[in-house]
Amino acid sequence: MGFNTYIEELKAVMVSKKSLETINKKLVEEKERSEQLAMARDQFLSSMSHEIRTPLNGILGFTDLLLGNSSLDAESKKQLDYIKISGDILLVIINDILDLAKIESGQITLYEKPFDLSKVTQLIYDTFSSKIQGKEIDFKISIDKKVPAILNGDSIRVSQILFNLISNSIKFTPEKGKIRLKIKVKKEKEGIYYIAVSVKDSGIGIPPDKIKAIFEPFIQVSNDTTRKYDGTGLGLTIIKKIISIMNGDIQVKSKLNVGTKFTVNLPFVKGTPNGVNVKAIENNCKSVLPTDTGQRIKVLLAEDNRINQILVEKVLSKFNFECVTVGNGSLAVEAVINGDFDVILMDIMMPIMNGYEATSIIRNLEDQTKRNIPIIALSAVVTGSVVEACSSTGLNKYLSKPFESEELYNVII
C-alpha cells in the first residue's frame, strides 16, 4: 500500500513538473510576443512620426521664413502668426499622440525660451475671434501689470493650455454668454513669478460629482454632451499632465447651468528678449564648428523630400551658408569623398541608403578629416530609440523636424 501511494505521489510530482514546464514555456512565448509587439509599436510610431512631421516641417518652416519678410503688411503678418501658432499646437498634439508611452509616464519634454505672454494670449484670442463673434460672446482679457513683459518658459505648452481652456469655454458657453480671461501674479519669490491664469465662462457648468472625471482620458460629462459638443475628451487630460510637469496645478470651480472657472498656476522666471532655444540633443560636443574662422560655412544636406530640401536651402542661404544638396545616403557618401564640407545635415529615413548607414561609412573612411566631419541628424522621427541610435551611430547632434531657423543655425554653430 505504501509503495502504491509513493507511485501516485511520484506521478503527481511529474504532472506538476510538466505543468510547470508548460507554464514556463507559455511565459517565455508571452514575453517574446510582448517584445515583438513593443518593437512593432515603436516602428509604427517612428513611421507615423516621419510621415506626419515631414509635411508639417514644410508648413511651419516656410511660415517662419515668410514671417521674416519685412515687406509684409500687418494683416498678412497676423494671418501668418495664426498659421504658425496653430501649426505649433498641432505639432505638440501629434507628438503627444504618437508617443503614448511618454504621455503615460509624464515624460513630456519642455523647450524653454523667452516669450511674451500677452502676445501669446492675444494670438490665441484672435484664433477664436470668428467663433466668439459668431456666438456674440462677451469676451474680455485682463493682464496684471505686475506680470513681466517677457517670461522664460515653453510658450508652445502655454499656448496649448490656453487654446484648450478657451476652446472649451467657447464650446460650452451659449450665445451672448460671457468669458473672462485673467492673468495675474499670484506671488513672486526669489526671482520666480507664480502666474495664475483663469478662464471663467457663463456656460452649462459641470455637476459636482463629475468634476474629477473631466481629467480622465476620453471622459465627457455625459453622452449628450459628447453628441452635442463633440470632442475626444483628451484635451484636459493632456494639459493637466503638462501643467504638472511645468510644476504647476489646475483648479476647477463650477456650478451647473451657471458656469465654470479653470485656474492654472504656473511658475516662471523673468526672461530676456534675446534668449536662445535649441532643440538639439548634443553628443559630447559643445559646438559643431569653430565660430572664429571668418570663412563661409559649406554644408552638405542629405534629404530626400524636395519641399524640405528647398526649405533648408533657403534657411541656410539666409545665414549666408553655402549648401550642396543630395537625395540619399549613398550620394552623401559620394559627395563627402569627392568634396570638402564643414558639416553634414543628415536625414535619417532616406531611400537607397539611410542616414545611419551613410554615417557609418563616413566614420570609417581612410581620410581622417573626412572621417571626423561633424554630422547632424535632421529627423522627423522623435522616438527615444531613434535619438539613442543617432548617438550610437556616430552622429554628433540631433535636431527634430519641424525646426525654427534659429534652431538650425544654433545647432550648426
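The values are calculated or read from the model by the stated rules, or taken from the named source; none is laboratory data. What you are looking at is a predicted structure, and each value in this text was computed from that prediction instead of being measured. Ideal geometry is used to build each Cβ from the backbone, glycine not excepted, and the neighbour counts take in all protein chains shown. The protein model used for the area step is the full one, side chains on, heavy atoms only, and it has no ligands, DNA or RNA in it. Shrake-Rupley method; radii C 1.70, N 1.55, O 1.52, S 1.80 Å.
Odds and ends about this structure:
- Close pairs from the range 22-41: first modelled with pLDDT under 75, partner open to solvent by less than 90 Å² (accessible area, probe 1.4 Å) and part of a helix (DSSP H, G or I), Cβ under 9 Å, at least 6 apart: Arg41/Leu100; Arg41/Ala101
- Sole exception among (1) at pLDDT 80 or above; (2) not in a helix (DSSP H, G or I) for Val382, by number: (1)
- Number of positions in the range 342-382 that are open to solvent by less than 10 Å² (accessible area, probe 1.4 Å) and acidic (Asp, Glu): 1
- Residue that is modelled with the highest pLDDT, among those in the range 188-205 that are under 13 Å from Lys171 (Cβ atoms) and either surrounded by fewer than 16 Cβ atoms within 10 Å (Cβ to Cβ) or of a type in the set (Val, Ile, Thr) (or both): Val199
- Scanning the range 137-158 turns up at least one residue that is at negative phi, of a type in the set (Ser, Thr, Tyr), at pLDDT below 90 and within 23 Å of the chain's Cα centre (by Cα).
- Residues within the range 297-341 that are out of contact with any helix residue (DSSP H, G or I) (no Cβ under 7 Å at 6 or more places or on another chain), within 15 Å of Thr54 (Cβ to Cβ), open to solvent by 40 Å² or more (accessible area, probe 1.4 Å) and in a loop (DSSP other than H, G, I, E, B), tallied: 1
- Screening Asn274 against (1) surrounded by 12 or more Cβ atoms within 10 Å (Cβ to Cβ); (2) modelled with pLDDT under 80 leaves a single unmet condition, (1).
- Cβ pairs under 8 Å, 6+ apart, first in the range 146-158 and more than 15 Å from Leu123 (Cβ to Cβ), second assigned to a helix (DSSP H, G or I) and among the small types (Gly, Ala, Ser): Val147/Ser118; Ala149/Ser118
- Residue in the range 215-229 that is under 25 Å from Lys140 (Cα atoms) and at pLDDT below 80 present: yes
- Checking each residue in the range 328-353 for being closer than 20 Å to Phe403 by Cβ and without any contact (Cβ under 8 Å) to a residue 40 or more places away in the chain picks out only Ala332.
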